[in-house]
Amino acid sequence: MKLAIASGKGGTGKTTIATNLALTLDDKGMEVQLLDCDVEEPNCHIFLKPKIESTAPVTVLIPKVIEEKCTGCGVCAEVCEYSAIAVIKGKVLIFPELCHGCGACKLFCPENAFIEVPREVGIIEEGKASGISFTHGFLNIGELMSPAVIDEVKKAAGDKEIVILDSPPGTSCPVIAAVKDADFVLLVTEPTPFGLNDLELAVGMARELKLPFAVAINRSDVGNEDVKEYCRREKIEIVLEIPNDRRIAEAYSRGEMVIHALPEYQKTFETCWEKIIDLHQNMMQAEQQEKTATES
Amino acid sequence: MKIAITATGPSLDDQVEARFGRTPYYLFIDTETMEFEAIQNPNVAAGGGAGIQSAQLMADNDVKYVLTGNCGPNASRVFGSAGVKLIVGVTGIARQAVEKFKAGALVVSGQANVASHFGMGGGQGMGGGGGRGMGAGRNRRS
């Protein structure tokens with residue numbers, strides 16, 4: 001089971017849920033792997049305090065022009081979707097930090113004047129946090145290509161029973177990179193107008209990607225009822241509600257796990273997991289039935 | 001001599017726009033006659049690389065000097081290759097800025113005066129409350 005924890009809005013509690021859920025399941029003796037895919041601001045390690053065992057660089061391939069072959073025709077600049085190449089007075093200028101490594105310049109160059117060279121954009125680190133296999137990535141400061149680092153973090157996914165991915169916030173490319181092949185997505189939100197607005201965007205994304213999902217509401221006893229009403233209307237299950245408990249904020253601010261500071265919450269995360277497993281199974285069964293129905 | 005100035009509107013009586021790559025208009029001006037041509041910036045809503053594209057536009061139009069408020073390192077690199085001279089920190093009414101330029105009161109900077117993505121709306125990651133990513137209405141494809 002590969003579970004992605006995502007949210008449209010930042011600061012809703014993705015990391016709190018990802019880390020506490022991972023540790024709850026680890027405590028129950030399950031095999032758990034946690035992948036922190038928020039490579040622009042990874043923070044699971046602050047709470048889980050893993051012992052890092054290995055570090056590896058992440059590189060992307062960028063074009064390099066062989067000047068003797070280049071005629072300055074400008075095709076490369078025209079085909080570059082990201083303006084990473086300009087051709088000025090017959091000379092190719094490459095802007096590495098804008099390059100997505102798609103290879104179009106090399107493919108379309110009529111003179112075959114490009115080679116590709118690796119460029120480091122970040123690192124990944126792997127280790128252990130109690131029984132949890134832990135991997136996170138850091139995008140180098142000033143870099144834009146977070147999906148490259150996210151993909152590398154995700155390659156660490158082994159054959160563990162449970163893989164939990166902590167996604168970056170939003171609904172843009174880095175988030176898609178993190179959630180796209182998950183079995184299930186948990187969308188974290190808060191009961192505020194901002195929370196609802198960004199939840200609707202995240203739901204749109206999950207539906208577009210055809211990913212099964214459910215909602216978690218953090219600080220569920222503040223704000224208004226609009227998020228719950230929206231979920232009712234859209235037939236979206238709410239599998240977790242965490243109250244606005246000052247003690248959680250205090251534990252968080254000390255870098256402590258909620259389930260360590262407040263063991264009564266262990267049950268909350270256990271129940272959440274059971275609901276997700278049930279929902280996932282039901283959805284799989286429904287899909288299977290649909291398939292058989294259309295086949296016959 | 002042909003120069004370009006970034007402007008908030010299509011006339012010499014409009015304000016100088018502070019952002020080079022995402023300015024609404026470029027005014028191409030003949031400094032001898034003060035005849036000018038206003039073109040709408042095609043890169044104003046580009047996903048990324050607006051500065052590079054806009055700088056290429058200046059080079060393609062054979063502009064000798066660019067007058068603007070702020071310019072980043074990518075556009076500046078294109079200017080360097082193209083031999084376009086860059087003047088930053090320009091403010092006020094476009095016509096007056098051009099007069100100042102003609103009087104020799106504006107100094108070529110030769111390099112960027114702001115970091116990459118300086119002119120891109122919201123900016124990056126202020127604290128925990130969402131708003132991450134590169135600002136105003138940008139559908140980021142990275």
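For (1) among the hydroxyl-bearing types (Ser, Thr, Tyr); (2) assigned to a loop (DSSP other than H, G, I, E, B); (3) crowded, with 18+ Cβ neighbours inside 10 Å; (4) within 14 Å of another protein chain (Cβ to nearest Cβ), each residue gets a yes or a no:
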site: A:LYS128; (1), (2), (3), (4): no, no, no, no
site: A:PHE138; (1), (2), (3), (4): no, no, yes, no
site: A:VAL149; (1), (2), (3), (4): no, no, yes, yes
site: A:THR171; (1), (2), (3), (4): yes, yes, yes, yes
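Under the condition of being under 11 Å from the mean Cα position of the chain (by Cα) and more than 17 Å from A:HIS100 (Cβ to Cβ), the residues counted in segment A:138-167 number 6. Within segment A:109-126, track down each residue that is over 17 Å from A:ASN140 (Cβ atoms) and free of Cβ contacts under 8 Å to residues at least 60 places away in the same chain. Passing the criteria: A:CYS109, A:PRO110, A:GLU111, A:ASN112, A:ALA113, A:PHE114, A:ILE115, A:GLU116. Candidates in segment A:77-96 are the residues that are more than 7 Å from every other protein chain (Cβ to nearest Cβ), farther than 20 Å from B:ASN61 by Cα and buried (at least 17 other Cβ atoms within 10 Å of the Cβ); of these, the one that is farthest from the chain's Cα centre (by Cα) is A:ILE94.
Across segment A:180-230, what is the number of residues that are over 15 Å from the mean Cα position of the chain (by Cα), surrounded by 20 or more Cβ atoms within 10 Å (Cβ to Cβ) and not aliphatic (A, V, I, L, M)? Of the residues in that region, 7 qualify.
Restricting the search to strands (runs of 3 or more DSSP E) fully inside segment A:31-101 and requiring at least 1 residues that are more than 18 Å from B:GLN56 (Cβ to Cβ) gives A:32-36, A:51-65.
Mind checking which residues of segment B:26-41 are surrounded by fewer than 19 Cβ atoms within 10 Å (Cβ to Cβ) and within 23 Å of B:LYS100 (Cα to Cα)? Walk me through how you get there before you give the answer.
The first filter runs over segment B:26-41 and keeps only residues surrounded by fewer than 19 Cβ atoms within 10 Å (Cβ to Cβ), leaving B:28, B:30-35, B:37-40.
Once the filter is applied, which keeps residues that are surrounded by fewer than 19 Cβ atoms within 10 Å (Cβ to Cβ) and within 23 Å of B:LYS100 (Cα to Cα), segment B:26-41 yields B:PHE28, B:ASP30, B:THR31, B:GLU32, B:THR33, B:MET34, B:GLU35, B:GLU37, B:ALA38, B:ILE39.
Are there any helices (runs of 4 or more DSSP H) wholly within segment B:42-105 with 1 or more residues that are facing chain A (nearest Cβ under 9 Å) and surrounded by 15 or more Cβ atoms within 10 Å (Cβ to Cβ), and if so which?
Details: elements: B:50-60, B:73-82, B:94-102.
Hits in segment B:42-105: B:50-60, B:73-82.
When each of A:ALA206, A:ALA286 is tested for being without any contact (Cβ under 8 Å) to a residue 24 or more places away in the chain and of a type in the set (Gly, Ala, Ser), the lone residue that passes is A:ALA286.
Every number in this text was worked out from the coordinates using simple rules, so none of it is lab data. As the structure is a computational prediction, the values presented were derived from the model and not from experiment. Reconstructed Cβ throughout: ideal geometry from the backbone, glycine too, with neighbour counts over all protein chains shown.
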